[in-house]
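The values are calculated or read from the model by the stated rules, or taken from the named source; none is laboratory data. The structure presented is a predicted model; accordingly, all values stated were derived computationally and were not measured. Here Cβ is always computed from backbone atoms with ideal geometry, including for glycine, and neighbour counts include all displayed protein chains.
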Amino acid sequence: MPRLSVALRALVLPVAALLAAAPYTPAQAKAEPKAPKEFVALRDVDPTIRQEIRYFTPHNFTGDPVDGYRQPMCVLTRPAAEALHRAQRQLMRRGYTLKVYDCYRPQRAVNDFVEWAKDLGDQRMKGEFYPEVDKTRLFEDGYIAEKSGHSRGSTVDLTIARLPGLPTRPYVPGERLVPCYAAKKDRFPDNSVDMGTGYDCFDTRSHTLDPRIKGVQRGNRLLLKGTLERLGFVNLAEEWWHYTFQPELFPDTYFDFPVSRRSLTG
């Protein structure tokens, strides 16, 4: 055997022996971020508020469950959750209940929305959620943005329903879609009161005080608005369902912990 080969073999064998003796340690999974202690599960503050977390399901404008929603639960900062509890007590005395569609929203979910909006070929849910809006205009018209107040933890999307109320049936992917501004009897069933449009309707009819929304529909919007605003919530004028509790605990922080009980408890 040539001298060089003998020398290399003398070096390699001890190294191989050391590697063989070393215990195997699998690569550690990247730890998920956790929620600050100021965040709570709404159900722990008020278990009577209905929850229909749409982004955990495929019944939303993307057509798929959204990244970051590990469980169908509402997570909020404690002051926002406690204010909803006070609103619920008022509404229940009148025969109503609050129903939340979305609460804290991780930044990864917002990123998911952005990527979906860039994919102009994916128009599966257009017939229900944005029938009159060209998908190329979603950013320009303000329906999709790279940051959301939901990620700060004090914003909630919600409606009201009459008690006792039956559960909303599950959405079946591929079923016929009806425009979100159609008459309530025609659009996807929702056990909430009639607000004039469905939730997440990308249309100017969703503006809280749109003049085309009249009568009982307008009265329902004003009932939600008046109840929440008296307790410290501020409505986004372009979305009848969108409210932010103020002052926000985290006005400048956009969190990315997943929506799950584990994020709260560790």
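Worth pointing out:
- Contact map, the stretch 139-156: residues that are within 13 Å of residue 252 (Cα to Cα) paired with residues that are in a loop (DSSP other than H, G, I, E, B) and of a type in the set (Ser, Thr, Tyr), Cβ distance under 7 Å, separation 6+ or inter-chain. Pairs shown: 147/254; 150/104; 151/254; 152/253; 152/254; 153/104.
- Residues in the stretch 39-56 that are more than 10 Å from residue 103 (Cβ to Cβ) and out of contact with any helix residue (DSSP H, G or I) (no Cβ under 7 Å at 6 or more places or on another chain): 43, 44, 47, 50, 52, 54, 56.
- Residue in the stretch 244-252 that is out of contact with any helix residue (DSSP H, G or I) (no Cβ under 7 Å at 6 or more places or on another chain), surrounded by 13 or more Cβ atoms within 10 Å (Cβ to Cβ) and not in a loop (DSSP other than H, G, I, E, B) present: no
For every residue, the table says whether it meets (1) more than 22 Å from the chain's Cα centre (by Cα); (2) surrounded by 19 or more Cβ atoms within 10 Å (Cβ to Cβ).
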| site | (1), (2) |
| --- | --- |
| 82 | no, no |
| 87 | no, yes |
| 93 | yes, no |
| 97 | no, yes |
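- For residue 265, the conditions (1) at pLDDT 95 or above; (2) farther than 15 Å from residue 101 by Cβ; (3) not hydrophobic (A, V, I, L, M, F, W, C) are fulfilled apart from (1).
- Being acidic (Asp, Glu) and buried (at least 23 other Cβ atoms within 10 Å of the Cβ) is a property that residue 122 lacks.
- Meets criteria (surrounded by fewer than 18 Cβ atoms within 10 Å (Cβ to Cβ) and in a loop (DSSP other than H, G, I, E, B)) for residue 222: no
- Count of residues meeting criterion [surrounded by fewer than 17 Cβ atoms within 10 Å (Cβ to Cβ) and not aliphatic (A, V, I, L, M)] in the stretch 25-63: 15
- Pairing residues of the stretch 88-99 that are in a helix (DSSP H, G or I) with residues that are among the hydroxyl-bearing types (Ser, Thr, Tyr) and surrounded by 11 or more Cβ atoms within 10 Å (Cβ to Cβ), at Cβ distances under 8 Å and at least 6 apart in sequence or on separate chains, gives 88/48; 88/97; 90/227; 91/97; 91/227; 92/48.
- Any hit, the stretch 207-222, residues being more than 19 Å from residue 57 (Cα to Cα) and touching a residue at least 60 places away in the same chain (Cβ under 8 Å): yes
- Taking every residue in the stretch 105-121 that is of a type in the set (Ser, Thr, Tyr) and pairing it with any residue that is modelled with pLDDT of 95 or more, at least 6 positions away or on another chain, yields no pair with a Cβ-Cβ distance below 9 Å.
- Flag if residue 197 is surrounded by 20 or more Cβ atoms within 10 Å (Cβ to Cβ), among the polar types (S, T, N, Q), in contact with a Leu (Cβ under 9 Å, 6 or more places away or on another chain) and modelled with pLDDT of 95 or more: no
- For residue 124: the one exception among (1) closer than 15 Å to residue 59 by Cα; (2) among the basic types (Lys, Arg); (3) not in a loop (DSSP other than H, G, I, E, B): (3)
- Qualifying residue in the stretch 68-82 (condition: under 27 Å from residue 194 (Cα atoms), touching a residue at least 40 places away in the same chain (Cβ under 8 Å) and in a loop (DSSP other than H, G, I, E, B)): yes
- The stretch 180-211, residues that are in a loop (DSSP other than H, G, I, E, B), in contact with a Phe, Trp or Tyr (Cβ under 9 Å, 6 or more places away or on another chain), within 16 Å of residue 132 (Cβ to Cβ) and not small (Gly, Ala, Ser): 180, 187, 197, 200, 201, 202, 203, 207, 210
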